[in-house]
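A short worksheet on the structure shown next.
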Amino acid sequence: MPMTAFPLTGGCHCGQLRYTVRAEPLNVMVCHCDSCKKVTGQPFFARAVFPANAVEIRGEVAHYPSSSEITRRFCPICGSTVFAQRRTMLDRISVTLGSLDDPGAVPPTGHMFTGRMVGWLRLDDGLPRHVEFPPPA
Ligand SMILES: [Zn+2]
Ligand SMILES: [Zn+2]
């Protein structure tokens, strides 16, 4: 596996929202839940969770409560989904892998909510799969 160069940088499509990450991810998961599908407009959602104090954010961020627990954070101009946060764990923040300047910088460590995975998707990455949430880390 290639070494990841820190800090990581990323941002939204239009570029007004930018961020810098100065820590290793706590976990990197691909989520197949229905909420993530709708919010991203994609069949699954890949994100890395970092300690919130390691992520420096510049620019305007809009937010939307996609469930009783999760707040999605996105660019109010171009609509790119950039962050998500669990409201009971504000010391962590999820960063969308596609918003990274190097989207391959932090490879996934597992899949969750595979019980809701789209039928056409074939996975051969050998990563752990969880039907719903993974066991707490
Ligand atoms: Zn934008
Ligand atoms: Zn999800």
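The slack between residue 53 and residue 9, meaning 0.36 nm per residue of separation minus the straight C-alpha distance, is 14.4 nm.
Think of a 1.4 Å ball rolled over the protein heavy atoms: the chain then has 57 Å² of accessible area per residue. If R0 equals 22 Å, the separation of the Cβ atoms of residue 42 and residue 131 corresponds to a calculated FRET efficiency of about 0.60.
The length gained by stretching the chain between residue 101 and residue 87 to full extension, at 0.36 nm per residue less their Cα-Cα distance, is 2.4 nm.
Quote the FRET efficiency, to the nearest 0.05, computed for residue 109 versus residue 63 with a Förster distance R0 of 25 Å and r equal to the Cβ-Cβ distance.
After rounding, the FRET efficiency stands at 0.45.
Short-range pairs are left out: with C-alpha atoms under 8 Å and at least six residues apart, the relative contact order of the chain is 26 percent. Packing here is the average count of other Cβ atoms within 10 Å per residue, and on that basis the peptides 50-61, 8-19, highest first, run 8-19, 50-61. Quick check: net charge around residue 72, other residues with Cβ under 12 Å of its Cβ, Lys/Arg +1 and Asp/Glu -1? Charge balance in the 12 Å sphere: +4.
Per 0.36 nm of contour for each residue apart, how much would the distance between residue 122 and residue 16 grow if the chain were fully extended, relative to their Cα-Cα spacing?
Going from the current span to full extension adds 34.6 nm.
Here the Karplus curve 6.51 cos²θ - 1.76 cosθ + 1.60, taken at θ = phi - 60°, turns the phi angles of the range 64-71 into couplings of 8, x, 7, 7, 5, 10, 10, 10 Hz, with x standing for Gly and Pro.
The values are calculated or read from the model by the stated rules, or taken from the named source; none is laboratory data. No experiment lies behind these values; they were computed from the predicted model shown. Every residue, glycine as well, gets a Cβ built from its backbone with ideal geometry; the counts of neighbours run over all protein chains shown. What goes into the accessible areas is simple: the full protein's heavy atoms, side chains included, and nothing from ligands, DNA or RNA. Shrake-Rupley method; radii C 1.70, N 1.55, O 1.52, S 1.80 Å.
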